[in-house]
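First comes the structure, then the notes that go with it.
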Amino acid sequence: MENSCIVLDPNATCVLTNNERQFKMLNHTVDDSQVRGHQRVPSDTKEFHEATKRDALLRLRKDLDNLLQTADDAKKPILQKEMCGFEALFHRFLQEDGPSVEWDRIQKLPQDAVKDYSSLKTPQESEIRQMLDKLVVIKLNGGLGTSMGCHGPKSVIPVRNDLTFLDLTVQQIEHLNKTYGANVPLVLMNSFNTDDDTEKVIRKYKGFQVQIYTFNQSCYPRISRDSLLPVAKDFNIENDIEAWYPPGHGDFYQSFQNSGLLKKFLDEGREYCFLSNIDNLGATVDINILNRLLGDDRQGDKPIEFVMEVTDKTRADVKGGTLIHYENKLRLLEIAQVPKEHVDDFKSVKTFKFFNTNNIWARLESIDRVLNARTMNMEIIVNNKTLDNGMRVIQLETAVGAAMKCFDGGIGINVPRSRFLPVKKTSDLLLVMSNLYSLKYGSLVMSPQRMFPTTPLVKLGDNHFSKVKEFLGRFANIPDLIELDHLTVSGDVTFGRGVSLRGTVIIIANHGDRIDIPAGAILENKIVSGNMRILDH
């Protein structure tokens with residue numbers, strides 16, 4: 001079987017066969033009979049780099065062809081599509097020099113670019129069902145729980161009342177469907193890391209009033225930083241899992257279309273998808289935002305094609321992506337795109353007031369149009385890694401929000417902080433397990449006893465608290481955090497039952513020492529250090 005693959009234009013179709021490719025290569029070679037040896041001029045630096053890039057792309061193509069020959073015949077068509085996507089990404093990586101944004105060309109955000117959430121209208125209850133039936137909820141479910149010391153998908157880590165991220169998500173959608181008599185489907189974008197385990201877990205939701213669909217994002221080969229060639233030797237991914245990676249959530253659009261689900265939902269008459277990280281417990285379906293897109297709050301003749309939920313940036317969020325106006329379009333600016341001399345400007349809370357929550361609303365018809373026109377062009381994130389065997393590799397990734405510039409009529413909505421509640425570390429887990437929140441139909445609601453709308457800033461030492469099992473073993477039960485502003489814990493520290501933390505609390509156990517906070521203790525604006533150990537007798 002001859003494998004087709006992409007031509008040098010990254011937006012071109014995968015149509016070249018090996019024979020055609022060789023013919024094109026011959027047409028690009030120089031006729032030696034027309035070149036006299038002594039007249040040859042060494043290529044300058046630019047020509048040298050161009051030649052090495054051309055060589056790298058041709059060698060990569062050959063390696064990808066060889067990889068495809070090792071795949072099962074039944075899987076070859078879909079794998080071929082994925083490798084064409086990878087080759088296009090690799091080609092753009094070779095072509096792009098320097099930051100993708102010229103700092104001086106960043107424009108001030110237009111006045112109406114970011115709508116304030118408080119300006120949105122709540123729809124009539126009689127209209128909600130009709131709007132919900134035009135919606136698809138998509139959760140990014142490709143991540144593992146390894147950073148928190150857990151095996152399997154991150155979405156199956158218990159976060160509250162023994163309920164996992166996935167349990168809470170299913171509860172939320174089922175509550176919507178039952179309350180309004182709607183049929184909102186839940187779609188999970190898995191990776192090759194999470195697919196098998198997720199498929200086993202979702203069987204338990206068969207009796208729920210939620211239709212669950214899954215699809216896999218692409219699986220790309222890691223590239224050696226030295227040779228710029230794939231590390232993988234064959235398509236037996238499970239045997240050499242370190243040689244492969246899921247290429248970031250920007251891969252959602254193409255994989256969603258490739259899966260056939262985009263067409264299915266368009267055929268059903270659905271109009272928008274709401275997409276978010278499954279570990280963001282604040283990312284629930286918002287009726288007011290939906291009303292802005294589909295209901296009586298819709299303004300103007302042109303539909304909004306893309307919405308990015310942003311929230312006010314604090315000093316804890318200085319590395320998060322922000323919304324900018326560039327080349328007369330709204331787009332996402334990530335810290336990786338910022339020239340080194342402007343990183344401090346990027347981190348400024350005054351200059352860039354918002355940051356991206358990664359809660360995205362997109363029009364399905366527009367996703368289909370942009371993909372078919374091959375104008376989806378997201379900035380490449382180069383992720384450097386070192387494998388267990390010491391090999392240095394690169395992963396080429398994209399971010400889902402970076403597609404904003406490819407759509408027409410995009411807006412930002414400045415949402416309350418409560419819609420951004422990610423659980424990335426055990427310090428986040430401490431907050432969502434505490435009495436700061438109550439659980440209502442799968443959604444976390446902040447306690448009315450909390451005097452401030454913001455959550456406390458919590459820093460737990462990596463050595464003793466980073467893994468979920470060890471973290472849980474250090475608390476007899478989760479302390480009262482209602483009046484907490486800031487907590488820092490470092491070293492070998494344990495907490496007894498019924499502890500209350502208020503104001504700013506800093507607990508530091510010196511190396512070799514241990515601190516046991518006794519049951520019932522109330523720590524308010526306290527620094528505890530040294531050695532305080534309670535022994536049984």
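The values are calculated or read from the model by the stated rules, or taken from the named source; none is laboratory data. All of these numbers come straight from a predicted model, not from anything done at the bench. Don't worry about glycine lacking a Cβ; one is built from the backbone with ideal geometry, like all the others, and counts go over all protein chains shown. Side chains included, ligands, DNA and RNA excluded: accessible areas come from the protein's heavy atoms. Shrake-Rupley method; radii C 1.70, N 1.55, O 1.52, S 1.80 Å.
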Handout entry: Calculated FRET value between residue 368 and residue 417, using beta carbons and R₀ = 51 Å, to 0.05
Key = 0.95
Practice task
Express the accessible area of segment 426-529 per residue in Å², computed with a 1.4 Å probe while the remaining protein chains stay in the model.
Solution key: 49 Å²
Exercise for the section: Quick one: dipole size for segment 426-529, taken about the Cα centre, charges +1 on Lys/Arg Cβ and -1 on Asp/Glu Cβ, in debye to the nearest 20. Expected result: 220 debye
Problem - Mean Cα-pair separation over length for segment 426-529, i.e. relative contact order, pairs under 8 Å, 6 or more apart, % - result: 22 percent
Completion exercise
Per DSSP loop assignment and a cutoff of at most 14 other beta carbons within 10 Å, the chain keeps its longest run without exposed GluC sites (Glu not before Pro) at 328-537
Fill in the blank from the handout: Per the Kirkwood formula over distinct C-alpha pairs, the hydrodynamic radius of the chain in angstrom is 25.9 Å
Handout entry: Rh by Kirkwood over Cα pairs, then Stokes-Einstein D for segment 190-324 at 0.692 mPa s and 37 °C, µm²/s
Key = 175 µm²/s
Exercise for the section: Name the long-range amide H neighbours of residue 510: under 5 Å, sequence gap of 5 or more, or other chain; modelled H, no Pro or chain starts. Expected result: 530
Fill in the blank from the handout: Computed about the Cα centre, the charge dipole of segment 47-95 from +1 Lys/Arg and -1 Asp/Glu charges at the Cβ has a magnitude in debye, to the nearest 20, of 80 debye
Exercise for the section: Towards the positive end of the charge dipole of segment 338-427, with charges on Cβ (+1 Lys, Arg; -1 Asp, Glu), say which of 338, 420, 381 has the farthest Cα. Expected result: 420
Practice task
Express the carbon and sulfur contribution to the solvent-accessible surface of the chain as a percent, rounded to the nearest whole number, probe 1.4 angstrom.
Solution key: 49 percent
Completion exercise
Expected vector for segment 490-501, Karplus 3J(HN,Hα) from phi with 6.51, -1.76, 1.60 and θ = phi - 60°, integer Hz, x for Gly and Pro, equals 9, x, 7, 10, 10, 10, x, 6, x, 7, 10, 10
Exercise for the section: Send over a whole-number figure in Å² for the accessible area per residue of segment 47-95, probe 1.4 Å. Expected result: 50 Å²
Practice task
Take every DSSP beta bridge whose two residues both sit in segment 426-529, then give the antiparallel share in percent to the nearest 5.
Solution key: 15 percent
Handout entry: Amide H contacts of residue 484 (H built 1.01 Å from N, under 5 Å, at least 5 apart or other chain)
Key = 503
Completion exercise
Dipole check, segment 426-529, charges on Cβ (K,R +1; D,E -1), about Cα centroid: among 438, 500, 512 the Cα furthest to the positive pole belongs to 438
Completion exercise
Dividing the mean separation of Cα pairs under 8 Å (6+ apart) by the residue count of segment 377-497 yields a relative contact order in percent of 19 percent
Problem - Computed over the chain: relative contact order in percent, which uses C-alpha pairs under 8 Å that are six or more apart - result: 14 percent
Problem - Karplus-derived HN-Hα couplings along segment 236-249 (A = 6.51, B = -1.76, C = 1.60, θ = phi - 60°), whole Hz, x at Gly and Pro - result: 8, 4, 5, 6, 9, 5, 5, 7, 10, 7, x, x, x, 6
Fill in the blank from the handout: About its Cα centre, the chain carries a charge dipole, from +1 on Lys and Arg Cβ atoms and -1 on Asp and Glu Cβ atoms, whose size in debye to the nearest 20 is 740 debye
Exercise for the section: Would you calculate the separation in nanometres between label points at residue 469 and residue 342, each defined as 7 Å from the Cα along the Cα-to-beta-carbon direction? Expected result: 4.7 nm
Practice task
Find which of 186, 490, 216 sits farthest along the positive direction of the dipole of the chain, computed with +1 on the beta-carbon of Lys and Arg, -1 on that of Asp and Glu, about the Cα centre.
Solution key: 490
Fill in the blank from the handout: Summing -39500 (n - 2.57) over every DSSP H run of at least 4 in the chain, dividing by its residue total and rounding to the nearest 500, the 222 nm mean residue ellipticity is -7500 deg cm²/dmol
